[in-house]
Amino acid sequence: MVSLRRDRSLPRLSWSSVVEMKSGKSFEGESVRSFLERVRTFAERRAEREPAGSMTMEGSGIGEVVVYSMAMSPYAAAVRLLLAEKGLEYNQREIKGMKREQIQPWFARINPKMTVPAVTLAGEGGVETTLTDSREALAYFEREGAPGRRLVDPAKERETWSLVDEAYAIQLAALYCDRFRRTKPAVLEMMEDMHAKLLSELGRLSEEEPQLREEYEAKKREKETYLENFVRGSGKVAENEARAKALLDRAESLLGPPSTQEHEGFLFGKYSVADVVLTSLLATLLTFDCEPLQGRPNLAKYWDRVRHRPSYAKAGVVHSLPLWVRVMTSLASAYYGGRAAIARMLKAK
């Protein structure tokens, strides 16, 4: 267990990382940022060491598969989970979001959207295919003739992909930003500061990398829209809460008592790509305390089943905030809360 305490010898609002372990050891004078960097690096290295799969792509016309991922991305988690369920081997490259690796030129050339996941597949004759979003990747690995077992029942293909698309219509940022707005508003201030730095770096890269200027300018516009719609504003909350409720209620109904047809405890009988997407969605909603299981007993039992499948651990799906994120949000609450208190005092004078 790790705890942080304020070093009272320092000036107000200047934080040191006096990090105390149960063993009694401490790291006096180490900066909070340095400590968080060590925690995050350890987690990322551990994720990179995790085995990825068991079945090769031999004979499929597909060579090496590389998944560019972030541990907390539900979309990257869906691709990893699909590949794990299909028993397919892949190499995972963790993109370090705190270092803004996703906007660096080397990655922008792989995925001009500068988002995860991106999947590269080496083909015959050295030709490489790049999949730049998770929905595209799910369809690619579920196409006719793709390696591994099928995760779509041909007889239920339309309703399976319909549920997948219903899940993709939910803008998750609206939900977790609203959660922070109501419980930890300082986190939104931290996010705004982080996005300001991101926008500044995008502007710099746009000037330094003229061959990628169009992509960087598009990314700037996207992040500015994100700030306005989700971090600063709450106008998108109601519609996305409604979408999430409709999907979760539909899942609760599908998981109800079996009819005369065979029912194996999943959305459409056997485990399918719809279960892959719902699992990653539930994991994210639980991570941010959005309470998707409340009042849905069938979904609660379902969640217990899917998170204990071997593929869940193999894919590295997470349903709680990592330690370094919890520490960072706690520090943000203290720092921005203190800054706001000082501002109020100065205004009152």
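The values are calculated or read from the model by the stated rules, or taken from the named source; none is laboratory data. This structure is a prediction, so every number in the text was calculated from the model and none was measured. We place every Cβ from the backbone using ideal geometry, glycine too, and count neighbours over all the protein chains shown. For accessibility, only protein heavy atoms count, side chains too; no ligands or nucleic acids. Shrake-Rupley method; radii C 1.70, N 1.55, O 1.52, S 1.80 Å.
Looking at Glu209, Glu228, Glu215, Glu239, which is the one that is exposed (fewer than 15 other Cβ atoms within 10 Å of the Cβ) and either farther than 22 Å from Tyr336 by Cβ or touching a Gly at 6+ places or on another chain (Cβ under 6 Å) (or both)?
Working: Glu209 fails: exposed (fewer than 15 other Cβ atoms within 10 Å of the Cβ); Glu228 fails: either farther than 22 Å from Tyr336 by Cβ or touching a Gly at 6+ places or on another chain (Cβ under 6 Å) (or both); Glu215 fails: exposed (fewer than 15 other Cβ atoms within 10 Å of the Cβ).
Result: Glu239 is the single residue among Glu209, Glu228, Glu215, Glu239 that is exposed (fewer than 15 other Cβ atoms within 10 Å of the Cβ) and either farther than 22 Å from Tyr336 by Cβ or touching a Gly at 6+ places or on another chain (Cβ under 6 Å) (or both).
Which residue out of Ala139, Ala108 is among the small types (Gly, Ala, Ser), open to solvent by 20 Å² or more (accessible area, probe 1.4 Å), closer than 26 Å to Met72 by Cα and not in a loop (DSSP other than H, G, I, E, B)? Quick ask: steps written out before the conclusion?
Details: Ala108 fails: open to solvent by 20 Å² or more (accessible area, probe 1.4 Å).
Exactly one residue qualifies, and that residue is Ala139.
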**OP:** Report, by residue number, each residue of the stretch 71-90 that is at pLDDT 95 or above and in contact with a helix residue (DSSP H, G or I) (Cβ under 6 Å, 6 or more places away or on another chain).
**Re:** Pro74, Tyr75, Ala77, Ala78, Val79, Leu81, Leu82, Ala84, Glu85, Tyr90
Original post:
Is there a residue being touching a strand residue (DSSP E or B) at 6+ places or on another chain (Cβ under 8 Å), modelled with pLDDT of 95 or more and either within 30 Å of Tyr335 (Cβ to Cβ) or surrounded by 17 or more Cβ atoms within 10 Å (Cβ to Cβ) (or both) anywhere in the stretch 198-206?
Top reply: no
Original post:
Can you name the residue in the stretch 142-162 that is touching a residue at least 12 places away in the same chain (Cβ under 8 Å) and over 23 Å from Ile62 (Cα atoms) and, of all such residues, is least open to solvent (accessible area, probe 1.4 Å)?
Top reply: Thr160
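Can you tell which of Ala118, Ala122, Ala108, Ala71 is closer than 24 Å to Val306 by Cα and small (Gly, Ala, Ser)? Can you show your working first?
Working: Ala118 fails: closer than 24 Å to Val306 by Cα; Ala122 fails: closer than 24 Å to Val306 by Cα; Ala108 fails: closer than 24 Å to Val306 by Cα.
Selected residue: Ala71, the only one of Ala118, Ala122, Ala108, Ala71 that is closer than 24 Å to Val306 by Cα and small (Gly, Ala, Ser).
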Original post:
Which one of these is of a type in the set (A, V, I, L, M, F, W, C), open to solvent by 70 Å² or more (accessible area, probe 1.4 Å) and part of a helix (DSSP H, G or I): Met328, Met345?
Top reply: Met345
